[in-house]
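Below you'll find the structure, written out as structure tokens, and then a few comments.
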Amino acid sequence: MRHVPATVTELSRIGLLADLPGERLNELAGRMAREEVPAGDGVVTQGEPGDRFYVLLSGMLAVTQVGLGRRRVLRPGDYFGEVALAMDIPRTASIRAVTPAVVASCDKATFDELLRPLFADDE
């Protein structure tokens, strides 16, 4: 799969990222891979190692947990994967495309450098 970077315009629509300074958003966009996910395909699987952070650009994704079933539906602007990266634990849920979807994701190094500070307020 070729690397298609996310665009600054796409990322600026994500609430979490909207307040990032322009140069930081530019850098992030260049390091986030954009990926189309067909309906029914899984994006992450509960229990697997978490190595990427994701934002949902379009479509809908279902979040399910073993023993609990469907927990919620993610819509454009939502993000996921930060728990596994921030806490260095396996994925806490499985996420599958309900409709055709487009996600952008980055690796742990990019998350740690550019995104982790955005979650510091929550701890």
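The values are calculated or read from the model by the stated rules, or taken from the named source; none is laboratory data. Predicted model, so just to flag it, every value in this text is computed and none were measured. So basically every Cβ, Gly included, is an ideal-geometry build from the backbone, and we count neighbours across all protein chains shown.
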Any idea which of 115, 61, 57 is surrounded by 13 or more Cβ atoms within 10 Å (Cβ to Cβ), at pLDDT below 95 and under 12 Å from the mean Cα position of the chain (by Cα)?
115
With the structure loaded, tell me whether residue 59 is in contact with a Lys or Arg (Cβ under 9 Å, 6 or more places away or on another chain) and either under 17 Å from residue 78 (Cα atoms) or of a type in the set (A, V, I, L, M, F, W, C) (or both) or whether it fails that test.
yes
With the condition being of a type in the set (Ser, Thr, Tyr), I'd like the strands (runs of 3 or more DSSP E) fully within segment 8-92 carrying at least 1 qualifying residues.
52-58, 61-65
Quick one: residue 86 ticks every box in (1) within 15 Å of the chain's Cα centre (by Cα); (2) free of Cβ contacts under 8 Å to residues at least 24 places away in the same chain; (3) under 15 Å from residue 115 (Cβ atoms) except a single one, so which number is it?
(2)
Inspect segment 16-26 for any residue being surrounded by 15 or more Cβ atoms within 10 Å (Cβ to Cβ) and within 14 Å of residue 103 (Cα to Cα) and give the result as yes or no.
no
